[in-house]
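Undergrad: Dumping the structure here so I can ask a few things about it.
The values are calculated or read from the model by the stated rules, or taken from the named source; none is laboratory data. Values in this document were obtained by computation on a predicted structure and should not be read as measured data. Note that each Cβ is placed from the backbone with ideal geometry, even for glycine, and that neighbours are counted across all protein chains shown.
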Amino acid sequence: MTMRFFATPQDAEAAFYDALERADLEAMMAIWAEDEEVTCTHPGGGRLAGFAAVREGWRQTFASLQRVSVRLTDAVQRQGILLALHSMHEHYAVQGEAAPRPPVIASNVYVRGAQGWHLLSRHASAAPAAVGADSSATLH
């Protein structure tokens with residue numbers, strides 16, 4: 001696998017949502033830090049720890065998921081020299097489904113290394129019913 005260079009955490013995040021919407025496993029894994037310390041928790045799932053486990057989790061997700069588009073709202077970002085935290089609400093529209101899915105609350109942690117910024121940890125879980133789809137949006 002070839003690791004891509006991302007100059008900013010925002011660049012890595014844009015590539016993350018692009019890979020997610022295209023269900024592109026290789027593009028998705030090029031965003032993750034090549035580190036056995038990476039973790040990922042999908043909504044309703046357990047914690048995946050280590051690069052191989054995270055890759056397998058995304059492989060399974062992409063195999064079972066129809067084409068989606070994601071709209072982000074309520075983003076909060078904090079960035080230091082080596083770490084960045086992005087927290088947001090994700091609103092998924094699934095191709096072929098009339099009703100939107102409930103929103104997801106996601107936190108993505110990015111780490112800066114010699115190869116730029118990469119995803120170190122992601123935790124996503126179902127949002128409470130109070131999180132609606134009417135917030136202002138950033139589209140990816």
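Undergrad: I need a count of the residues in the range 1-14 that are under 16 Å from ALA106 (Cα atoms) and either touching a strand residue (DSSP E or B) at 6+ places or on another chain (Cβ under 7 Å) or in a loop (DSSP other than H, G, I, E, B) (or both). Step through it out loud before you land on a result.
TA: Taking the range 1-14 as the starting set, the residues that turn out to be under 16 Å from ALA106 (Cα atoms) are 9-10, 12-14.
Keeping just the survivors that are either touching a strand residue (DSSP E or B) at 6+ places or on another chain (Cβ under 7 Å) or in a loop (DSSP other than H, G, I, E, B) (or both) gives 9, 12-13.
Qualifying residue count, the range 1-14: 3.
Undergrad: I want to confirm something. Restricting to the range 17-34 and keeping residues that are part of a loop (DSSP other than H, G, I, E, B) and within 17 Å of HIS86 (Cβ to Cβ), which single residue is nearest to the chain's Cα centre (by Cα)? Before you say what the answer is, go through the steps one by one.
TA: So in the range 17-34, the residues part of a loop (DSSP other than H, G, I, E, B) come out as 23-24, 30-31, 33-34.
Pick out the ones that are also within 17 Å of HIS86 (Cβ to Cβ) and you get 31, 33.
Numbers: ILE31: 10, ALA33: 13 Å.
Here the residue is ILE31.
Undergrad: Now, a different point. Between a residue in the range 83-105 that is farther than 19 Å from ALA129 by Cα and any residue that is modelled with pLDDT of 95 or more and of a type in the set (Phe, Trp, Tyr), which pairs come within a Cβ distance under 9 Å, given they are 6 or more apart or on different chains?
TA: Cβ pairs passing all conditions: LEU83/TYR110; ALA84/TYR110; ALA84/TRP117; LEU85/TYR110; HIS86/TYR110.
Undergrad: Something else now. Would you mind finding the one in GLU36, GLU13 that is of a type in the set (D, E, K, R), at negative phi and buried (at least 19 other Cβ atoms within 10 Å of the Cβ)?
TA: Testing whether each residue is of a type in the set (D, E, K, R), at negative phi and buried (at least 19 other Cβ atoms within 10 Å of the Cβ) leaves just GLU13.
Undergrad: Give me the pairs: first residue in the range 1-17 and at pLDDT 95 or above, second residue in a helix (DSSP H, G or I), beta-carbon distance under 6 Å, and six or more apart or on different chains, which are they?
TA: Partner pairs satisfying both residue conditions: PHE6/ALA12.
Undergrad: For the range 60-84, name all the residues that are out of contact with any helix residue (DSSP H, G or I) (no Cβ under 8 Å at 6 or more places or on another chain) and of a type in the set (D, E, K, R).
TA: Keep residues of the range 60-84 that are out of contact with any helix residue (DSSP H, G or I) (no Cβ under 8 Å at 6 or more places or on another chain), which gives 60-61, 63-66, 71, 73-76, 78, 80-83.
Scanning the range 60-84 gives ARG71, ASP74, ARG78.
Undergrad: What number goes with the only condition from (1) loosely packed, with under 15 Cβ neighbours inside 10 Å; (2) in contact with a strand residue (DSSP E or B) (Cβ under 7 Å, 6 or more places away or on another chain); (3) without any contact (Cβ under 8 Å) to a residue 60 or more places away in the chain; (4) not aromatic (Phe, Trp, Tyr) that LEU65 does not pass?
TA: (2)
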